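Asker: This is the structure I want to talk about, given as structure tokens.
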Amino acid sequence: MNKIPIILDGDPGHDDAIAWVLANASKELDILAVTSCCGNQTIEKTTYNMMRICTLIGLHVPTAKGRKRPLISEPIIAPTVHGESGLDGPALPEPDFELVQMDAVELMAKILRESKEQVTLVPTGPLTNIAALLLAHPELKEKIKQISLMGGGVQYGNWTPAAEFNILVDPEAADIVFSSGIPIIMAGLDVTEKAMIFPEDFERIRAAGNPVASVVADWLEFFYQFHRSMGYEGAPVHDAVAVAALIHPEIMQMEDYYVEVETEGDFCKGATVADFRGVLGKKPNAKVIMGIDRKAFADLLVEAAKYYGEVAK
Ligand code: RIB
Ligand code: CA
């Protein structure tokens, strides 16, 4: 099977971390690089978390630190959701490697330039680095096969009534990405809030009985605390849907829509607005995921947890 070459870019973040655990365990994917972005926490904290996650799961590929703030908007962070560290909960190993001596945008550009085939980008935080890459290296756009992102929501937001966090943090970057013409798979709240992992799933993951599985279960427990306080029955593992969409699209329902990003306004800044009825007459720019087989998604995470027991043997 030809593996899908990907670059992971995120703001870990519990669900980014779980998305990377899944990606690293997936035989369908070839992770070429990992980069950090500011979002759930400051770039310093998300970069440190990125390095600890990669150390924990044995993911040793070129890794770089991203932009320290959104393109234009003021930074927003989410300590109420992910804690002061951005990845509160279980103890994690100290990094056992160094970052490459270039920033995230230049590392992405290098990977794209050197790759013999088109590369899929998998951003699970604000789209700052991706937009900066497109602005700085427009000639490399043709080397990007697609962007499978977690962000937005065509029905509602979670940080404001209209906007989802990743898009709201850097709406100008999101507008650049959605206007780029690069094929997008959009894992927005419409599907990620259905990608609910329940406490009984946490225990199925923990039962895999290896150190990574134990940490993932602990991350889910922590992530669930915030969501339970918001009335959720489980933990919506938003970011892992962007990875699952690449390896098992058959468990999802996707709709082709033309989606545009609101970058201004008192109430709707950061909204991802889908033209459901095609009134604009524009070609769809995104496959918007609207549904998922929740049990199959949970099973993917359980199987990924088991993988880390097998590789440890
Ligand atoms: O709105 C959910 C998104 O915001 C997820 O990517 C989560 O990690 C946070 O970045
Ligand atoms: Ca994220």
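The values are calculated or read from the model by the stated rules, or taken from the named source; none is laboratory data. This is a predicted model, so every value here is computed, not measured. A quick note on method: Cβ atoms are made from the backbone with ideal geometry, for glycine too, and the neighbour counts reach across all protein chains shown.
Asker: Can you say whether Gly66 is buried (at least 24 other Cβ atoms within 10 Å of the Cβ), within 14 Å of ligand 2 (Cβ to nearest atom) and on the phi > 0 side of the Ramachandran plot, as far as the supplied structure shows? Even if it seems obvious, please write down each step before you answer.
Answerer: On the way: buried (at least 24 other Cβ atoms within 10 Å of the Cβ): yes; within 14 Å of ligand 2 (Cβ to nearest atom): yes; on the phi > 0 side of the Ramachandran plot: no.
In short, no.
Asker: To continue, here is another question. Residues in the stretch 108-124: is at least one assigned to a loop (DSSP other than H, G, I, E, B), crowded, with 17+ Cβ neighbours inside 10 Å, more than 15 Å from ligand 2 (Cβ to nearest atom) and charged (D, E, K, R)?
Answerer: For the stretch 108-124, residues assigned to a loop (DSSP other than H, G, I, E, B), crowded, with 17+ Cβ neighbours inside 10 Å, more than 15 Å from ligand 2 (Cβ to nearest atom) and charged (D, E, K, R): absent.
Asker: Out of the stretch 155-188, which residues are out of contact with any Pro (no Cβ under 6 Å at 6 or more places or on another chain), within 14 Å of ligand 1 (Cβ to nearest atom) and of a type in the set (A, V, I, L, M, F, W, C)?
Answerer: Hits for the stretch 155-188 are Trp159, Ala162, Ala163, Phe165, Ile167, Leu168, Ala173, Ala174, Met186, Ala187.
Asker: Right, next: Here's a check for you: in the stretch 40-62, which residue that is under 29 Å from Lys27 (Cβ atoms) and within 13 Å of ligand 1 (Cβ to nearest atom) is surrounded by the fewest Cβ atoms within 10 Å (Cβ to Cβ)?
Answerer: Taking the candidates together, the pick is Asn49.
Asker: Being over 16 Å from the mean Cα position of the chain (by Cα) and within 20 Å of Glu262 (Cβ to Cβ) is the requirement here; does Pro161 meet it?
Answerer: Working: over 16 Å from the mean Cα position of the chain (by Cα): yes; within 20 Å of Glu262 (Cβ to Cβ): yes.
Considered against the rule, which asks whether it is over 16 Å from the mean Cα position of the chain (by Cα) and within 20 Å of Glu262 (Cβ to Cβ), Pro161 comes out as yes.
Asker: Taking Lys295 as the residue in question, decide whether it is over 26 Å from Ala173 (Cβ atoms), out of contact with any Asp or Glu (no Cβ under 8 Å at 6 or more places or on another chain) and not small (Gly, Ala, Ser). Working first, answer last.
Answerer: Numbers: over 26 Å from Ala173 (Cβ atoms): yes; out of contact with any Asp or Glu (no Cβ under 8 Å at 6 or more places or on another chain): yes; not small (Gly, Ala, Ser): yes.
Answer is yes for this residue.
Asker: Do we find that Lys306 is crowded, with 16+ Cβ neighbours inside 10 Å, charged (D, E, K, R) and at pLDDT 95 or above in this structure? It would help to see each step written out before you state the result.
Answerer: Numbers: crowded, with 16+ Cβ neighbours inside 10 Å: yes; charged (D, E, K, R): yes; at pLDDT 95 or above: yes.
Spelling it out, Lys306 is indeed crowded, with 16+ Cβ neighbours inside 10 Å, charged (D, E, K, R) and at pLDDT 95 or above.
Asker: Select from the stretch 200-225 the residues that are closer than 23 Å to Ala245 by Cα and not hydrophobic (A, V, I, L, M, F, W, C) and list them in ascending order.
Answerer: Start the filter on the stretch 200-225 by keeping residues that are closer than 23 Å to Ala245 by Cα, which leaves 201-202, 204-205, 212-213, 216-217, 219-220, 223-224.
Once the filter is applied, which keeps residues that are closer than 23 Å to Ala245 by Cα and not hydrophobic (A, V, I, L, M, F, W, C), the stretch 200-225 yields Asp201, Arg204, Tyr224.
Asker: Assuming Lys141 fulfils every condition listed in (1) of a type outside the set (Phe, Trp, Tyr); (2) within 16 Å of ligand 1 (Cβ to nearest atom); (3) surrounded by fewer than 24 Cβ atoms within 10 Å (Cβ to Cβ); (4) not in a loop (DSSP other than H, G, I, E, B) apart from one, which condition is it?
Answerer: Failing condition for Lys141: (2).
Asker: Given the condition in contact with a Leu (Cβ under 7 Å, 6 or more places away or on another chain) and among the hydrophobic types (A, V, I, L, M, F, W, C), answer yes or no: does some residue in the stretch 60-67 qualify? First the steps, then the outcome.
Answerer: Taking the stretch 60-67 as the starting set, the residues that turn out to be in contact with a Leu (Cβ under 7 Å, 6 or more places away or on another chain) are 61-65.
Cutting the leftovers down to among the hydrophobic types (A, V, I, L, M, F, W, C) gives us 61, 64.
Yes, the conditions are met somewhere in the stretch 60-67.
Asker: Looking only at residues that are farther than 18 Å from Val81 by Cβ and not aliphatic (A, V, I, L, M) in the stretch 19-43, which one is nearest to the chain's Cα centre (by Cα)? Break it down into steps so the answer makes sense when it comes.
Answerer: Our first condition is that a residue be farther than 18 Å from Val81 by Cβ; within the stretch 19-43, this holds for 21-35.
Right, trim to not aliphatic (A, V, I, L, M) and you get 24, 26-28, 30, 35.
Values: Asn24: 13, Ser26: 15, Lys27: 19, Glu28: 17, Asp30: 16, Thr35: 11 Å.
The selected residue is Thr35.
Asker: Looking only at the stretch 190-210, how many residues end up being assigned to a helix (DSSP H, G or I) and closer than 9 Å to Pro236 by Cα?
Answerer: 1
Asker: Let me ask something additional. If the requirement is being at negative phi, assigned to a loop (DSSP other than H, G, I, E, B) and crowded, with 22+ Cβ neighbours inside 10 Å, which of these qualifies: Ser85, Ser26? Please lay out each step first, then the result.
Answerer: On the way: Ser85 fails: crowded, with 22+ Cβ neighbours inside 10 Å.
Result of the check over Ser85, Ser26: Ser26.
Asker: Out of Ile72, Ile77, report the one residue that is more than 17 Å from Asp218 (Cα to Cα), within 16 Å of ligand 1 (Cβ to nearest atom), of a type in the set (A, V, I, L, M, F, W, C) and touching a residue at least 12 places away in the same chain (Cβ under 8 Å). Break it down stepwise before answering.
Answerer: Details: Ile72 fails: within 16 Å of ligand 1 (Cβ to nearest atom).
Answer to the check: Ile77.
Rundown of residues vs (1) more than 16 Å from ligand 1 (Cβ to nearest atom); (2) not in a helix (DSSP H, G or I), yes/no style:
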| position | (1), (2) |
| --- | --- |
| Val216 | no, no |
| Arg228 | yes, no |
| Ala244 | no, no |
| Glu255 | yes, yes |
| Gly265 | yes, yes |
| Phe297 | no, no |
| Lys313 | yes, yes |
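Asker: Okay, moving on. How many residues are farther than 19 Å from Val191 by Cα, among the charged types (D, E, K, R) and either in contact with a helix residue (DSSP H, G or I) (Cβ under 8 Å, 6 or more places away or on another chain) or surrounded by 18 or more Cβ atoms within 10 Å (Cβ to Cβ) (or both) when one looks only at the stretch 219-272?
Answerer: Number satisfying all stated conditions: 3.
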